[in-house]
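Working notes, beginning with the structure itself.
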Amino acid sequence: MTKVIKPTTLLNKVVSTTATDNNVIWNPAYQYTENDIVSVIEANLAYGQIRLSQAFAAEITRYIVGLGSSFTDAIEFLQTPYLGRMYGDINNSGTLDLSDATTALNSNAGLNITLDAYTWIYSVLIPEIQARAALDATNGTNYNSLLEVVNSQSSLINGVLYQCLVSGTSSLPPPLDKDNWFKIGPANPAAMFDREVSTHTTQTTGPLTVVIAAGFVNSLSLFGLSGDSVTVTVTNGSSGPPVYGPVTISLDGTIISDWYQYFFEPSTALSDLTLTDLPPYVDAYITVSIAGTNVACGVLDIGTAYDLGDAEYGAKVTITDYSKKLTDEFGTTTFVKRSNARRITLDCMIDNVQINKVFTVLKSLTATPVTWIGTNATGYEPLNVFGWFEDVGITVSYPTKSLCSLTIQGLSE
């Protein structure tokens, strides 16, 4: 049976991980030299850690309305939806401070706030709000209770590495200082959650253990694996009883067909693992533990699996090689080895009554890297890939059956 796993967000769901950050945390007072690498937990910056509650946003809107200047962009800015709430930049002092967050919020939320609007926010809006908040505070109003702190669990998937371009210090954190810092990728604990197979969370000595407050899901997929085995446990609640497992799956995919293979050929390790039989509990907690030495994981993904029909014979998997091969005028070829990716083409037979459901699911996954399971049969693991669909088509071939054709491009490994 061919399946696709529609992912659920991991934001604020990663409870813990044994992976550690391999780089120092950015310090604004430190004198960095060129090529220094630092780790920035972006969720711990002011614009990611604390946001406006609905009540505080209403109070700010009331202040803005009382001002004489145009406030359209400011209201739009302050009311930017983020996880169902207002998104703002506030330090925990009880006064509003947006000076470090406007650029970041502008790019993250897709707003188009002009430089003039920035100037107006800095010079008119913020001082006015601070003055009125201070005045109201003297009259017994305390707005600290209206601030809401984002769950710090989000920091486990928001760690980012930056490389120093210019020696010295900077008062702005690297995400907001593109002149002095260059983003090079996720920090080690966050690498397995960035939806890129080529970036790995690593740990020298296993087990590498991750706990996720998954909620209502039925599937788990792991790509870019390295280790001896994977153990998966699902509990009903953080300290509740196990409702699945612990189940341990060996990553030894060796299949012996003759004595020479048994004695002389190296073992074949599995780099991918998919499970689609997890019990869907509203308060499910999933614990994934990768055992071994020098363990690694490129992608950990959870979600809901949808059937796409039965795979037909003729499925094809190819390798896209991104290496460079250069041949000079004398015929000498040099190679620069780079990543590669899988590309899969297959046809699935589906019931006609499922056409609309399959089409709706596929339509919701446009330009989205997800887990595609060609088949769960042993030995056909290359037909499972983490990537996006390049092309999909449904042909109504028979009165009760139709043919769904898929072309899946995997991410580089």
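Of everything in the stretch 391-413, what is over 18 Å from the mean Cα position of the chain (by Cα), under 30 Å from K337 (Cα atoms) and in contact (Cβ under 8 Å) with a residue 40 or more places away in the chain? Give them in sequence order. Reasoning before the result, please.
Residues of the stretch 391-413 that are over 18 Å from the mean Cα position of the chain (by Cα), as a first pass: 391-409.
Next cut, under 30 Å from K337 (Cα atoms) only: 391, 406-409.
If the condition is that a residue be over 18 Å from the mean Cα position of the chain (by Cα), under 30 Å from K337 (Cα atoms) and in contact (Cβ under 8 Å) with a residue 40 or more places away in the chain, then L406, T407, I408, Q409 are the ones that fit.
Take the stretch 353-383 and flag every residue that is hydroxyl-bearing (S, T, Y) and in a strand (DSSP E or B). Reasoning before the result, please.
In the first step, residues of the stretch 353-383 are kept if they are hydroxyl-bearing (S, T, Y); the result is 360, 364, 366, 368, 371, 375, 378, 380.
Across the stretch 353-383, the qualifying residue is only T371.
Would you mind stating whether D272 is surrounded by fewer than 22 Cβ atoms within 10 Å (Cβ to Cβ), in contact (Cβ under 8 Å) with a residue 40 or more places away in the chain and among the charged types (D, E, K, R)? Break it down into steps so the answer makes sense when it comes.
On the way: surrounded by fewer than 22 Cβ atoms within 10 Å (Cβ to Cβ): no; in contact (Cβ under 8 Å) with a residue 40 or more places away in the chain: yes; among the charged types (D, E, K, R): yes.
It is false that D272 is surrounded by fewer than 22 Cβ atoms within 10 Å (Cβ to Cβ), in contact (Cβ under 8 Å) with a residue 40 or more places away in the chain and among the charged types (D, E, K, R).
Within the group V282, V317, which residue is β-branched (V, I, T), in the same structural domain as I212 (by TED's automatic domain parsing) and surrounded by 10 or more Cβ atoms within 10 Å (Cβ to Cβ)? If you could, list the steps in order and put the result at the bottom.
Working: V282 fails: surrounded by 10 or more Cβ atoms within 10 Å (Cβ to Cβ).
Within the list V282, V317, the selection yields V317.
Output the qualifying pairs, or none if there are none: Cβ atoms under 8 angstrom, residues six or more apart or on different chains, first residue in the stretch 231-242 and within 11 Å of P279 (Cα to Cα) and in the same structural domain as D277 (by TED's automatic domain parsing), second residue of a type outside the set (D, E) and assigned to a loop (DSSP other than H, G, I, E, B).
Once the first residue is within 11 Å of P279 (Cα to Cα) and in the same structural domain as D277 (by TED's automatic domain parsing) and sits in the stretch 231-242, its partners that are of a type outside the set (D, E) and assigned to a loop (DSSP other than H, G, I, E, B) give V234/A214; V234/L278; V234/P279; V234/Y281; T235/P241; N236/Y281.
What residue, of V353, V392, is assigned by TED's automatic domain parsing to the domain that holds I319, touching a strand residue (DSSP E or B) at 6+ places or on another chain (Cβ under 6 Å) and among the aliphatic types (A, V, I, L, M)? Steps first, answer last, please.
Details: V353 fails: touching a strand residue (DSSP E or B) at 6+ places or on another chain (Cβ under 6 Å).
Exactly one of V353, V392 is assigned by TED's automatic domain parsing to the domain that holds I319, touching a strand residue (DSSP E or B) at 6+ places or on another chain (Cβ under 6 Å) and among the aliphatic types (A, V, I, L, M), namely V392.
Taking the conditions exactly as written (surrounded by fewer than 14 Cβ atoms within 10 Å (Cβ to Cβ) and outside any helix (DSSP H, G or I)), does G331 satisfy them or not? Full working, then the answer.
Numbers: surrounded by fewer than 14 Cβ atoms within 10 Å (Cβ to Cβ): yes; outside any helix (DSSP H, G or I): yes.
Taking the combined requirement at face value, the residue satisfies it.
Can you name the residue in the stretch 218-239 that is among the aliphatic types (A, V, I, L, M) and over 17 Å from E381 (Cα atoms) and, of all such residues, is surrounded by the fewest Cβ atoms within 10 Å (Cβ to Cβ)?
So in the stretch 218-239, the residues among the aliphatic types (A, V, I, L, M) come out as 220, 222, 225, 230, 232, 234.
If we keep only those that are over 17 Å from E381 (Cα atoms) too, we end up with 232, 234.
Working: V232: 19, V234: 24.
Taking the candidates together, the pick is V232.
Of (1) at pLDDT 90 or above; (2) farther than 19 Å from W372 by Cβ; (3) surrounded by fewer than 20 Cβ atoms within 10 Å (Cβ to Cβ); (4) not small (G, A, S), I255 satisfies all except one. Which?
(1)
Within the stretch 289-310, can you find the residues that are surrounded by fewer than 23 Cβ atoms within 10 Å (Cβ to Cβ) and either in a loop (DSSP other than H, G, I, E, B) or aliphatic (A, V, I, L, M) (or both)?
Within the stretch 289-310, A291, G292, A296, A305 meet the criteria.
Check every one of the strands (runs of 3 or more DSSP E) wholly within the stretch 184-254 and list those with 2 or more residues that are among the polar types (S, T, N, Q).
Answer list for the stretch 184-254: 201-205, 219-223, 229-236, 242-250.
The values are calculated or read from the model by the stated rules, or taken from the named source; none is laboratory data. Predicted, not measured: the structure shown is a model, and the values here were computed from it. Glycine gets a Cβ as well: all are built from the backbone with ideal geometry, and neighbour counts include every protein chain shown.
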